[in-house]
Amino acid sequence: MNRKKRRIESKSSRTAGFTCMYRAASYLEKNSHYKSEDDISLRLLPLFLKFLIKNRLINFEWSFFPKGIYEYVIARTKYIDKIVKESMINDVDQILILGAGFDSRAVRFREINYRTKIYELDSPHTQTEKIMQFKKRNISLPGNTVYIPMDFNVDSITEKLVSNGFKPGKITLFLMEGIIMYLSKEAVDTLFKTIYQLASSGSRMIFDYIYASVLRKENIYYGEKNIYEKVNGVQESWLSGIEKEEIKSFLQKYNLELIQNMDSTDLEKMFFCDDNDNIIARINGTHCIAYAGK
């Protein structure tokens, strides 16, 4: 039986494009809870889409958009931004961004990045599209950033990295934002074994994941009802999840230690809580963010 071809094997990732759109919209928000600092994402948008967002002709509460996913992307971006900036300020040797999509942190934080080398791994079509759009919009590519195309289900991460100058013995921040749910279980296992081998003592990693129950369509969490169908509809289906309350044991298999696990409730309290401790927005409940170390 022929394997169904996935979009990223022939085109730029559509989910990466949606994430860029959400970040651009967030940058234009007036409400401080919604506003983030990714100005680069706005510059990357096509003119018609930028017009629609600037004039509020797109409403993320429309049924087309999974409930709470806009808020989730905002919270995830802010959470990871903070850790990345702290890592650069503390002179972490390397940052490895796996499945980088249209991530702009290497550009946005270049003023505080004095010595940290950044490596971006992504599918060839998405990475080529990103670099092309950066150049088209006169966004200079940082000299300390290395772009490496690869297929996470086939290629060897170690071989790709080492051949491009990555140093396994250096303290590294591993960033996997919106990636492991798109990998097969075998690929996830290989990925985390590889991270352990590459990570020196003191290294850290951030990744988000979905609950395994979402793949079983149990419809437990806020916003779950149509999100699974949406990602399948753009030929970028989810393949892997982690059972609720099992993130510690998942990491222990790879001799990694959980520092912090943020579910939707935690993220709502951190980013969408007003001065009276009222939650002003709900976050899609299918995802969590894990921060771990070696």
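The values are calculated or read from the model by the stated rules, or taken from the named source; none is laboratory data. Since we're looking at a predicted model, the values are computed, not measured. Backbone-built Cβ (ideal geometry, glycine too); neighbour counts: all protein chains shown.
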Criterion: out of contact with any His (no Cβ under 9 Å at 6 or more places or on another chain) and assigned to a loop (DSSP other than H, G, I, E, B) - qualifying residue of PHE60, PHE18, PHE48: PHE60
Subset of segment 221-234 (residues that are surrounded by fewer than 17 Cβ atoms within 10 Å (Cβ to Cβ) and modelled with pLDDT under 95): LYS225, ASN226, GLU229, LYS230, ASN232, GLY233, VAL234
Residue check for PRO142: surrounded by fewer than 21 Cβ atoms within 10 Å (Cβ to Cβ), modelled with pLDDT under 95, more than 18 Å from GLY17 (Cβ to Cβ) and out of contact with any Pro (no Cβ under 8 Å at 6 or more places or on another chain): yes
Subset tally (residues that are touching a residue at least 60 places away in the same chain (Cβ under 8 Å) and of a type outside the set (Phe, Trp, Tyr)) for segment 209-224: 5
Odd one out for ILE195 among (1) under 18 Å from VAL84 (Cβ atoms); (2) in a strand (DSSP E or B); (3) β-branched (Val, Ile, Thr); (4) within 17 Å of the chain's Cα centre (by Cα): (2)
Count - residues of segment 53-73 that are closer than 19 Å to ALA16 by Cβ and either of a type in the set (A, V, I, L, M) or in contact with a helix residue (DSSP H, G or I) (Cβ under 6 Å, 6 or more places away or on another chain) (or both): 7
Answer from ASN153, ASN164 - the residue that is at pLDDT 95 or above, in a loop (DSSP other than H, G, I, E, B) and not hydrophobic (A, V, I, L, M, F, W, C): ASN164
Counted residues, segment 38-68 - those being among the acidic types (Asp, Glu) and either under 29 Å from LEU183 (Cα atoms) or free of Cβ contacts under 8 Å to residues at least 40 places away in the same chain (or both): 2
Hey, ARG108 more than 13 Å from the chain's Cα centre (by Cα), crowded, with 18+ Cβ neighbours inside 10 Å and closer than 19 Å to SER36 by Cβ or not: yes
Residues of segment 228-282 satisfying the condition of being β-branched (Val, Ile, Thr), in a helix (DSSP H, G or I) and out of contact with any helix residue (DSSP H, G or I) (no Cβ under 7 Å at 6 or more places or on another chain): ILE247, THR265
